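Report on one structure; see the data block that follows.
The values are calculated or read from the model by the stated rules, or taken from the named source; none is laboratory data. Keep in mind it's a predicted model, so treat the numbers as computed, not measured. Methodologically, a virtual Cβ is constructed for each residue, glycine included, from the backbone with ideal geometry; neighbour enumeration extends over all protein chains shown.
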């Protein structure tokens, strides 16, 4: 098979057992794994297929048999918009099932410039080591002196040690103390900036004694139609910047501030609107990854108080949400400090904050005593206490540190006494905020259906709740448009066939309170969104290209098709591209079924409170019809009532060979 | 007299996305790379290499051909391959004369000229024949294409606005 344009051309397979590096031409690698690149594209597609071929049964995720897979895609490192991303996959230490996550900054593009579409790391070193990929050469470097170092210092020491010839030449994906201490949700971090945050791969690196992967890449990526790519990208970006309803706000206020203050999300963070008065901004522009036109990183400095002067490149929505919702931290400076601390320790914000807030719940109910909390009185809102516990968790210090380091699911199993019934997780993975009922039915339905376990990023669709018109309409003063107008514009901009739009929004198309509070079209829209997420995670490009606030009106599949054609020369249609996303999602579901036996019985809340009537949000005073919603969702996916892909569906998705190998409903 | 234009970079508007670099290499080489771009964004990523209590900066800056009025590169070229384009004022390499001796690289005080091993030639910014693609593709306007005699204006304008704000008391920060 000729290698299409847009791919770097090689796979790199590293075995830490014997410190061996194997280089494989990518077409040979594809043949070995039965990968047709047009069916899987790259990124999440490749990771899913590789995990499927490599693991038939469950393994110990922190044993040497687990593997770390980093996969770029044809989009990565080209002149296409937002080309800085790759996916990282492994078996999740939290769930034992499928895990992958998107990350960016400049590690992914540099890996591709070094010549690699795929990097797989297997085995375990007996001593701490880091791997240096120097274009076409792979070196194994002693990392004993780096063990125990936090993120920023690790990056600095490695860059110095490898004598980079200009700043930023060497890119470093490292694990920090939390990963070394096998905190089960610890992510790695790329250049102290971008993390595949929900993977738990930092712990997998720790289990392999792998401190970091450093890369230097000086090559180039071939293109099918270079000038065409520039034209298409230019058009796409200009259109995005002109019509995306919230881009102006986004660029001024950053990824989190716009969500927390401007949107009508039920967040209690109005004080954060004043963030410009409460923090210094040494660099006024948001900062982003390669080729980004809607950058999300804010360069922040805490202005006053105990932590005055601490700096952080971030300001992300996840941190704001968990600080406000799960931890009760209201102060802007403390919020920035929390973000920086979590990044330096290599912890994950959602998993840690859910574990902590669950411990507070348990403590208040007498399920955890001071013996088990090392004498601490646990409570929400006490930032100092929370920072102290975060450090304990990262270092697995004491009873409490060790308990919370295993994640909320395992911790609740250990404590028992009914604490399992108030543990906010699905399939062993904590979700973003404690009460998913507020955000039924699409966003929170994704916690149940995501192949990663309780997780919000694979169904990141806020149509039903971004702009609740009966709440305060803050958008008019920020964007000059009312909620209703923004919805109306978005309906026109959504890149979706008309018949599908009508199925979701009715004929004529309409989004109003009735639609928001109802169930019509939600399952269909959820499935479309998950497939769409599968597409940009396989290309690989950034979710913020789809839209800054996930109304999905930025780049759509049509734009992706056009640009992909210029990169690879493929004439893929809208449906073919969306099929890739659907294929990837179905195989991830099947993968979890094969190794973990997960089906409809696992699409459920561990936290029994979620089945009670909601206290706020769309379902205030009512129970959320989770099971009805799930059955409708399965039916839209053409899955069985047990939540399994049928043979007919798999054959439809060109997965006939796989359908033969697994015992499935017809 | 032709009003010669040059690239003008405003670091405070730069988001460090490097789109100028991917565009440059794609436009000129037909393949995307950072290493072969004729424009280079320097990145000081202080946030990535510091401990929590260290105050490091995050800074972007630019290196590219300045198209000097009296270019050292031209003076040292043994084959007289370095010429000024009469239309754009850009200093360009005449490929028919160039022997890729790389003396221009030695002479350039900015390191703005590079050697492309795959294509076996020295490359440098040629202002894309008067339509610089990096400027066209910069998503924030941090790169502008202005007459040399006006190149100072964006910085002066930004400072003036800041001073006005400081005097009016609408901001306290004196940072420039």
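Residues in the range B:66-87: is at least one at the interface with chain A (Cβ under 10 Å from one of its Cβ atoms) and part of a helix (DSSP H, G or I)?
The answer is no; no qualifying residue exists.
Looking only at the range B:24-31, decide whether some residue is part of a loop (DSSP other than H, G, I, E, B) and within 16 Å of the chain's Cα centre (by Cα).
No, the range B:24-31 contains no residue that is part of a loop (DSSP other than H, G, I, E, B) and within 16 Å of the chain's Cα centre (by Cα).
Could you look through the range B:9-40, keep only residues that are in contact with a helix residue (DSSP H, G or I) (Cβ under 6 Å, 6 or more places away or on another chain) and more than 7 Å from chain A (Cβ to nearest Cβ), and pick out the one that is surrounded by the fewest Cβ atoms within 10 Å (Cβ to Cβ)?
B:10
Of the residues A:34, A:73, which is on the phi > 0 side of the Ramachandran plot and more than 16 Å from the chain's Cα centre (by Cα)?
Every option except A:34 fails the conditions.
Would you confirm, using the coordinates I've provided, whether residue B:132 is within 12 Å of chain A (Cβ to nearest Cβ) and crowded, with 19+ Cβ neighbours inside 10 Å?
no
All but one of (1) within 21 Å of residue A:186 (Cβ to Cβ); (2) modelled with pLDDT of 95 or more hold for residue A:458; state the number of the condition that does not hold.
So the condition that residue A:458 fails would be (2).
For the range A:410-441, what are the residues that are farther than 18 Å from residue A:612 by Cα and not in a loop (DSSP other than H, G, I, E, B)?
Those that are farther than 18 Å from residue A:612 by Cα and not in a loop (DSSP other than H, G, I, E, B): A:410, A:411, A:412, A:413, A:414, A:415, A:429, A:430.
For the range A:63-81, state whether one or more residues are closer than 17 Å to residue A:191 by Cβ, touching a strand residue (DSSP E or B) at 6+ places or on another chain (Cβ under 8 Å) and within 11 Å of chain B (Cβ to nearest Cβ).
yes
Give just the number: which of (1) more than 25 Å from residue A:30 (Cβ to Cβ); (2) surrounded by fewer than 24 Cβ atoms within 10 Å (Cβ to Cβ) does residue A:106 not satisfy?
It fails just one condition, (2).
Please go through the range A:326-342 and give me each residue that is touching a helix residue (DSSP H, G or I) at 6+ places or on another chain (Cβ under 8 Å) and closer than 23 Å to residue A:411 by Cβ, ordered by number.
Residues satisfying the conditions are A:326, A:327, A:329, A:338, A:341, A:342.
Check residue A:3 against each of (1) in a loop (DSSP other than H, G, I, E, B); (2) touching a residue at least 40 places away in the same chain (Cβ under 8 Å); (3) crowded, with 16+ Cβ neighbours inside 10 Å and name the one condition it does not meet.
The single condition residue A:3 does not satisfy is (2).
For the list (1) at the interface with another protein chain (Cβ under 7 Å from one of its Cβ atoms); (2) surrounded by fewer than 24 Cβ atoms within 10 Å (Cβ to Cβ); (3) in contact (Cβ under 8 Å) with a residue 60 or more places away in the chain, I need the number of the one condition that residue A:234 fails.
(3)
Could you check the range A:502-534 and list, in sequence order, the residues that are outside any helix (DSSP H, G or I) and in contact with a helix residue (DSSP H, G or I) (Cβ under 6 Å, 6 or more places away or on another chain)?
Matches in the range A:502-534: A:509, A:511, A:521.
Restrict the check to the range A:36-48 and report whether at least one residue is farther than 22 Å from residue A:534 by Cβ and either touching a helix residue (DSSP H, G or I) at 6+ places or on another chain (Cβ under 8 Å) or not in a strand (DSSP E or B) (or both).
no
Considering every residue within the range B:156-174, establish whether at least one is within 24 Å of residue A:218 (Cα to Cα) and either within 14 Å of another protein chain (Cβ to nearest Cβ) or within 15 Å of the chain's Cα centre (by Cα) (or both).
There is no residue in the range B:156-174 that is within 24 Å of residue A:218 (Cα to Cα) and either within 14 Å of another protein chain (Cβ to nearest Cβ) or within 15 Å of the chain's Cα centre (by Cα) (or both).
Yes/no per residue for (1) within 14 Å of chain B (Cβ to nearest Cβ); (2) in contact with a helix residue (DSSP H, G or I) (Cβ under 6 Å, 6 or more places away or on another chain); (3) more than 20 Å from residue B:56 (Cα to Cα):
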residue	(1), (2), (3)
A:145	no, no, yes
A:153	yes, no, no
A:159	yes, no, no
A:166	yes, no, no
A:170	yes, yes, no
A:177	yes, yes, yes
A:180	no, yes, yes
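Give B:156, B:161 a once-over and let me know the one that is free of Cβ contacts under 8 Å to residues at least 40 places away in the same chain and either closer than 25 Å to residue A:288 by Cβ or surrounded by 15 or more Cβ atoms within 10 Å (Cβ to Cβ) (or both).
B:161
If you take the residues of the range A:295-337 that are within 18 Å of residue B:54 (Cβ to Cβ) and out of contact with any strand residue (DSSP E or B) (no Cβ under 7 Å at 6 or more places or on another chain), which of them is farthest from the other protein chains (Cβ to nearest Cβ)?
Among those residues, the one meeting the criterion is A:306.
Out of everything in the range B:41-55 that is out of contact with any strand residue (DSSP E or B) (no Cβ under 7 Å at 6 or more places or on another chain) and within 7 Å of chain A (Cβ to nearest Cβ), what residue ends up being surrounded by the most Cβ atoms within 10 Å (Cβ to Cβ)?
Top of the filtered list is B:48.
So in the range A:8-29, with the set limited to residues that are in contact with a helix residue (DSSP H, G or I) (Cβ under 6 Å, 6 or more places away or on another chain) and not in a strand (DSSP E or B), which one is surrounded by the most Cβ atoms within 10 Å (Cβ to Cβ)?
Top of the filtered list is A:8.
Let's see how each residue does on (1) modelled with pLDDT of 95 or more; (2) in a strand (DSSP E or B); (3) farther than 21 Å from residue B:31 by Cα:
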residue	(1), (2), (3)
A:84	yes, no, no
A:90	yes, yes, yes
A:111	yes, no, no
A:152	yes, no, yes
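For the range A:633-666, give me each residue that is touching a residue at least 60 places away in the same chain (Cβ under 8 Å) and surrounded by fewer than 19 Cβ atoms within 10 Å (Cβ to Cβ).
A:635, A:636, A:654, A:657, A:662
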